[in-house]
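So the structure is just underneath, and the comments pick up after that.
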Amino acid sequence: MLKQTLINATFAGAKVLQHYFNGSFTVSSKSMVNDLVTQADEESEQAIFEVIRKDYPDHYLLSEESGEIAMDSNIKWIIDPIDGTVNFANGIPICCVSIGVEQDGKMILGAVYNPIMNEFFFAQRGFGATLNENRIFVSDKTDIDRSCLVTGFPYSYLDEPNGPLPVFETLLRRGIPVRRLGSGALDLCWTAAGRFDGFYEHKLNAWDSAAGFLIVEEAGGKVTDFDGNYYSPYQPHLVATNGKIHDDLLLAINGKLPPITVK
C-alpha cells in the first residue's frame, strides 16, 4: 500500500506541475533572488499531502515548502513538490516531482516523475529501478576521462577549498564534459539510467536527493558523500556514479586526481 500511495501522490503533484507549465502563476523568492517558489510548488505540495494523509494521517512529512511536519511514526515522506523550480518558472522542461519514503532511517521507496517528458522513475529497495516500468541500469564506463558528468551549483557561492568552481575547472581542464541541468533529482535519475556516468554536488537538501539516490543504488550505482562514506540525505555532499569511476571522481572533488599522462 505504501508503494501505491507513493505513486498516487507523485502523480497528484505532477498533475499540478503539468497544469501550470508554460502558463500563468505567481512567483516569489525565498532565501535569495533566484531561490524561487511558485504557486505551482505550493499547490503541488498540497496535492501530495492530501494523498498521503488520506492513507497515512499519522506519518512524518518533510517537504521543501512546509519543512518538517513531525509525527510519532517510523515512516517519513521526503517531498520536493517541484525539483527544478527555476527551470519550471522559465518554461524549461527539466523539472519533476520527487518523493522518497524512509522507514526506520532507511530509504525504502523513491519516485521521480517529469510529466513534461513523460518519464517516471521508480525504485523499491531490493527490487531494482525502473523508467516507465522498464528496468534501468547505470553505465559501464571505467575511464573518468571518457565519462560524461553532471553537476549543480548552489544559489550562493561556497568559497571553500575544492568548492564548486575549482572542481568544475579541474574536470573541464581534463576535457571531461560536465553538464548542468538544474534538477538534482533528475541528475540522479539520468545517472541511474546510464545517460550520465556520474553526478556530484556540493550543497543538496534531503528532498533533492532522497528518492534519486535510492534509484541510483537500485540501478547498480554507488552513492557516497565526498569522503566516500555511505550517503545520508541529511548532509549536503553527494557523489553518485556507475561505481566504476567513483574513486576517481572522489579524487577529483578532493583535488587529488593525478594529471593526465601525455603519451
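The values are calculated or read from the model by the stated rules, or taken from the named source; none is laboratory data. Computed from a predicted model, the values in this text were never measured in an experiment. Cβ coordinates were reconstructed from backbone atoms using ideal geometry, including for glycine residues, and neighbour counts include every protein chain displayed. Heads up: the accessible areas ignore ligands, DNA and RNA and are worked out on the full protein's heavy atoms, side chains in. Shrake-Rupley method; radii C 1.70, N 1.55, O 1.52, S 1.80 Å.
Considering region 72-115, the residues that are among the polar types (S, T, N, Q) and touching a strand residue (DSSP E or B) at 6+ places or on another chain (Cβ under 8 Å) include one that is surrounded by the most Cβ atoms within 10 Å (Cβ to Cβ), namely S98.
Screening the candidates L188, L257, L204 for the property of being assigned to a loop (DSSP other than H, G, I, E, B), among the aliphatic types (A, V, I, L, M) and in contact with a strand residue (DSSP E or B) (Cβ under 9 Å, 6 or more places away or on another chain) yields one hit, L204.
Which one is least open to solvent (accessible area, probe 1.4 Å), of the residues in region 232-263 that are among the hydroxyl-bearing types (S, T, Y) and farther than 13 Å from K203 by Cα?
Of region 232-263, the ones among the hydroxyl-bearing types (S, T, Y) are 232, 234, 241, 261.
Then drop every residue that is not farther than 13 Å from K203 by Cα, which leaves 241, 261.
Values: T241: 0, T261: 106 Å².
My answer is T241.
Look at G105 and say whether it is free of Cβ contacts under 8 Å to residues at least 60 places away in the same chain and either closer than 24 Å to S232 by Cα or in contact with a Phe, Trp or Tyr (Cβ under 9 Å, 6 or more places away or on another chain) (or both). It would help to see each step written out before you state the result.
Working: free of Cβ contacts under 8 Å to residues at least 60 places away in the same chain: yes; either closer than 24 Å to S232 by Cα or in contact with a Phe, Trp or Tyr (Cβ under 9 Å, 6 or more places away or on another chain) (or both): yes.
When the stated conditions are applied, G105 passes them.
In region 190-211, the residue that is most open to solvent (accessible area, probe 1.4 Å) out of those that are within 18 Å of I245 (Cβ to Cβ) and not aromatic (F, W, Y) is R195.
One residue stands out in region 1-13 among those that are closer than 21 Å to A185 by Cα and not polar (S, T, N, Q): the one that is surrounded by the most Cβ atoms within 10 Å (Cβ to Cβ), namely G13. For the residues V16, V37, the requirement of being surrounded by 19 or more Cβ atoms within 10 Å (Cβ to Cβ) and either of a type in the set (S, T, Y) or assigned to a helix (DSSP H, G or I) (or both) singles out V16. Sub-7 Å Cβ pairs linking a first residue in region 222-247 that is among the basic types (K, R) to a second residue that is modelled with pLDDT of 95 or more, at least 6 apart or interchain, are K222/T241; K222/G243; K222/H246; K244/D140; K244/K141; K244/T142, ordered by first then second residue.
Taking the options E64, E45, name whichever one is surrounded by 18 or more Cβ atoms within 10 Å (Cβ to Cβ) and at pLDDT 95 or above.
Working: E64 fails: at pLDDT 95 or above.
Of E64, E45, the one residue that is surrounded by 18 or more Cβ atoms within 10 Å (Cβ to Cβ) and at pLDDT 95 or above is E45.
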